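Asker: Before anything else, here's the structure in question.
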Amino acid sequence: MSSPESAHRWIQLIEPACTSCMICARECPSWCITIDSHTEPVAGLPAGARDRTRNVLDRFAIDWSLCMYCGICVEECPYDALEWVGDLTPPGSRAGALVEEMVPPPS
Amino acid sequence: MISWAGEIVIKVLSENWLAAVEALQADGFHYFDWLGCVDEIGRSDHFRIVLVVRNIADGAEPEVLSCLLPRDDPKIDSVRGVFAGAAWHEREAAELFGVEFVGGERRRLLLNPEFEGTPLRKDEVLAARTGMNWPGAEEPEEMGDPGKTGASSSRRRMVPPGVPDPAVWGDRDASQAAADPADVAESAIGGRVRRRRT
């Protein structure tokens with residue numbers, strides 16, 4: 001069942017916008033966001049340029065058993081990579097099943 | 001007198017508190033608005049009790065009373081004999097800040113009877129969290145490579161709000177005296193902490 005987009009029911013990651021900056025995980029009062037990332041050298045720099053690295057997101061998970069839907073992560077994200085969605089969060093039969101891997105860890 | 005939110009604040013000594021509230025009520029301020037408590041840690045070793053009363057009949061500005069109580073023995077007279085509704089506000093301030101309202105209602109309002117602590121004092125530590133892994137502790141550059149000494153390894157370490165620097169609270173030198181409440185409160189703000197060098 002879906003409802004108007006303004007409904008605050010489910011927080012979703014817009015993966016291409018995420019820079020793994022950790023701000024959402026640090027601002028979350030209930031500690032429900034887990035982020036794993038690594039850095040990679042940026043390829044294709046002009047010759048003589050200083051080496052640069054960028055963050056690559058490896059895992060982004062929200063534990064719906066801890067989340068209290070306060071939306072602080074949505075507000076704080078400087079890259080608008082988190083948004084409210086009107087759908088309900090996926091159900092689970094036990095607490096561990098409520099961890100939603102929005103970007104699953106590499107196997 | 002100081003100003004708060006555009007209102008004139010009347011500063012009262014704790015021994016004059018009840019008399020001041022009675023005088024305001026006698027002066028036509030029959031409507032009790034609210035009573036609250038503020039932890040003044042970092043500015044002074046006090047709690048501030050604030051009380052707001054209004055005169056509904058003439059619609060004048062509300063009167064704001066403020067009283068500083070020493071942190072080590074916060075005691076003030078209850079005004080529930082003047083405004084019965086103030087008892088609820090006093091119960092809340094009493095359990096959340098550990099302030100004693102002499103002659104007030106002693107039952108708890110919000111917390112479980114077995115709960116120990118004063119949750120709204122700023123030096124109150126979220127003890128259960130000191131033993132948990134905080135998901136925000138890691139820096140992107142260091143993940144999955146503990147031995148790496150990236151740019152961030154020279155940065156200050158991140159700590160979550162409510163969990164103080166271990167050097168101040170918890171994993172500190174037991175032979176030292178307990179940390180000052182203001183230091184505990186300051187170190188539990190969260191963010192990057194200073195590495196203490198001895």
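Asker: Take the residues in region B:104-137 that are within 30 Å of A:Ser20 (Cα to Cα), part of a loop (DSSP other than H, G, I, E, B) and out of contact with any Ser or Thr (no Cβ under 7 Å at 6 or more places or on another chain); name whichever of them is farthest from the other protein chains (Cβ to nearest Cβ).
Answerer: Pass one, region B:104-137, residues within 30 Å of A:Ser20 (Cα to Cα): B:125-137.
If we keep only those that are part of a loop (DSSP other than H, G, I, E, B) too, we end up with B:125-126, B:131-137.
Applying the additional criterion that residues be out of contact with any Ser or Thr (no Cβ under 7 Å at 6 or more places or on another chain) yields B:125-126, B:131-134, B:136-137.
Numbers: B:Val125: 16, B:Leu126: 10, B:Gly131: 13, B:Met132: 7, B:Asn133: 9, B:Trp134: 6, B:Gly136: 3, B:Ala137: 9 Å.
So, considering only residues that are within 30 Å of A:Ser20 (Cα to Cα), part of a loop (DSSP other than H, G, I, E, B) and out of contact with any Ser or Thr (no Cβ under 7 Å at 6 or more places or on another chain), the one farthest from the other protein chains (Cβ to nearest Cβ) is B:Val125.
Asker: If you don't mind, another one. Looking only at region B:68-96, count every residue that is under 21 Å from B:Val53 (Cβ atoms) and either touching a residue at least 12 places away in the same chain (Cβ under 8 Å) or in a helix (DSSP H, G or I) (or both) and tell me the total.
Answerer: Total meeting the criteria: 20.
Asker: Would you please name the residue that is modelled with the highest pLDDT, looking only at residues in region A:30-61 that are small (Gly, Ala, Ser) and within 15 Å of A:Pro106 (Cβ to Cβ)?
Answerer: The residue in question is A:Ala61.
Asker: So, of the residues in region B:99-139 that are among the small types (Gly, Ala, Ser) and in contact (Cβ under 8 Å) with a residue 12 or more places away in the chain, which turns out to be farthest from B:Arg157 (Cα to Cα)?
Answerer: Filtering region B:99-139 for residues that are among the small types (Gly, Ala, Ser) and in contact (Cβ under 8 Å) with a residue 12 or more places away in the chain, the one farthest from B:Arg157 (Cα to Cα) comes out as B:Gly103.
Asker: While we're here: Going by the structure shown, is B:Asp39 among the acidic types (Asp, Glu), buried (at least 17 other Cβ atoms within 10 Å of the Cβ) and within 29 Å of B:Pro119 (Cβ to Cβ)? Walk me through how you get there before you give the answer.
Answerer: Details: among the acidic types (Asp, Glu): yes; buried (at least 17 other Cβ atoms within 10 Å of the Cβ): yes; within 29 Å of B:Pro119 (Cβ to Cβ): yes.
So B:Asp39 fits the description; yes.
Asker: Among the residues of region A:70-78, is any of a type outside the set (A, V, I, L, M) and more than 14 Å from the chain's Cα centre (by Cα)?
Answerer: Yes - at least one qualifying residue is present in region A:70-78.
Asker: Now, a different point. Go through region B:55-96 and give me each residue that's over 21 Å from B:Asn16 (Cβ atoms) and of a type in the set (A, V, I, L, M, F, W, C).
Answerer: B:Ile56, B:Ala57, B:Ala60, B:Ala84, B:Trp88, B:Leu96
Asker: Looking at region A:69-98 only, could you name the residues that are without any contact (Cβ under 8 Å) to a residue 40 or more places away in the chain and surrounded by 11 or more Cβ atoms within 10 Å (Cβ to Cβ)?
Answerer: Within region A:69-98, A:Gly92, A:Ala95, A:Ala97, A:Leu98 qualify.
Asker: With respect to the numbered conditions (1) among the charged types (D, E, K, R); (2) surrounded by 15 or more Cβ atoms within 10 Å (Cβ to Cβ); (3) touching a Pro at 6+ places or on another chain (Cβ under 7 Å), which one is the sole condition not fulfilled by A:Asp63?
Answerer: Result: A:Asp63 passes all but (3).
Asker: On to the next question. From B:Gly59, B:Gly85, grab the single residue that is on the phi > 0 side of the Ramachandran plot and not acidic (Asp, Glu).
Answerer: Every option except B:Gly59 fails the conditions.
Asker: Is it true that A:Asp51 is surrounded by fewer than 11 Cβ atoms within 10 Å (Cβ to Cβ), within 12 Å of chain B (Cβ to nearest Cβ) and either at negative phi or not in a helix (DSSP H, G or I) (or both)?
Answerer: Answer is yes for this residue.
Asker: Oh, and also: Here are the criteria: (1) in a helix (DSSP H, G or I); (2) under 23 Å from B:Glu139 (Cβ atoms). Tell me which single one A:Ala97 does not satisfy.
Answerer: Of the numbered conditions (1) in a helix (DSSP H, G or I); (2) under 23 Å from B:Glu139 (Cβ atoms), the odd one out for A:Ala97 is (2).
Asker: For A:Pro105, which of the numbered conditions (1) within 14 Å of another protein chain (Cβ to nearest Cβ); (2) farther than 23 Å from B:Trp134 by Cβ; (3) assigned to a loop (DSSP other than H, G, I, E, B) fails to hold?
Answerer: With respect to (1) within 14 Å of another protein chain (Cβ to nearest Cβ); (2) farther than 23 Å from B:Trp134 by Cβ; (3) assigned to a loop (DSSP other than H, G, I, E, B), A:Pro105 is out only on (2).
Asker: Of the residues A:Ser37, A:Ser30, A:Ser20, which is within 11 Å of another protein chain (Cβ to nearest Cβ), part of a loop (DSSP other than H, G, I, E, B) and surrounded by 18 or more Cβ atoms within 10 Å (Cβ to Cβ)? Before you say what the answer is, go through the steps one by one.
Answerer: Values: A:Ser37 fails: part of a loop (DSSP other than H, G, I, E, B); A:Ser30 fails: surrounded by 18 or more Cβ atoms within 10 Å (Cβ to Cβ).
The match here is A:Ser20.
The values are calculated or read from the model by the stated rules, or taken from the named source; none is laboratory data. These figures come from a predicted structure and were not determined experimentally. As a convention, Cβ positions derive from the backbone with ideal geometry for all residues, glycine included, and neighbour counts pool all protein chains shown.
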